[in-house]
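Laboratory data are not the source of any read-out in this text; all were calculated from the coordinates shown. Here the structure is a predicted model, which means the values were calculated and not measured. Note: ideal-geometry Cβ built from the backbone for every residue, glycine included; neighbour counts use all protein chains shown.
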Amino acid sequence: MNESDFNQLAEDTMTAIEEAVDDCGVDIDYDSAGGILTLEFGNGSQIIVNKQTPLSQLWVAARSGGFHFDYDSDNQCWRLQGGGEELFSCLSRYCSEQAGEEVRLDA
């Protein structure tokens, strides 16, 4: 994947995350600037999603740790490096842990 394709795909994914947060019914604030999406919860905790262009990855920093996602072009989704779990499934779990209630984010 070339850099231009990666950047477009990453931006589309960030927008999809924002839309999923809006639709999830849980009070989560977000801010997007410079390729970094910050999700903020009522308890002050945050999840950071940012693009790592040189590696063609999305990185997620949550209370439970740091995670790297590679794009799976066959299935057209981002998957956890080494583990294979899909990005929105992982984000739903991380958000649920930090929000203290079930959060379901759908792509």
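Observations on the structure shown:
- Among the residues of segment 75-94, the one identified as over 19 Å from S45 (Cα atoms), among the aliphatic types (A, V, I, L, M) and in a helix (DSSP H, G or I) is L87.
- Selected residue (criterion: farthest from D5 (Cα to Cα)) from residues of segment 75-86 that are touching a residue at least 12 places away in the same chain (Cβ under 8 Å), surrounded by fewer than 17 Cβ atoms within 10 Å (Cβ to Cβ) and touching a helix residue (DSSP H, G or I) at 6+ places or on another chain (Cβ under 9 Å): L80
- Look at (1) without any contact (Cβ under 8 Å) to a residue 40 or more places away in the chain; (2) within 17 Å of H68 (Cα to Cα); (3) β-branched (V, I, T) and you find that T53 fails only one, number (1).
- Residue identified as on the phi < 0 side of the Ramachandran plot, assigned to a loop (DSSP other than H, G, I, E, B) and out of contact with any helix residue (DSSP H, G or I) (no Cβ under 6 Å at 6 or more places or on another chain) among E101, E97: E101
- Each residue in segment 52-67 was checked for being over 15 Å from R93 (Cα atoms) and in contact with a Phe, Trp or Tyr (Cβ under 8 Å, 6 or more places away or on another chain), and 6 of them qualify.
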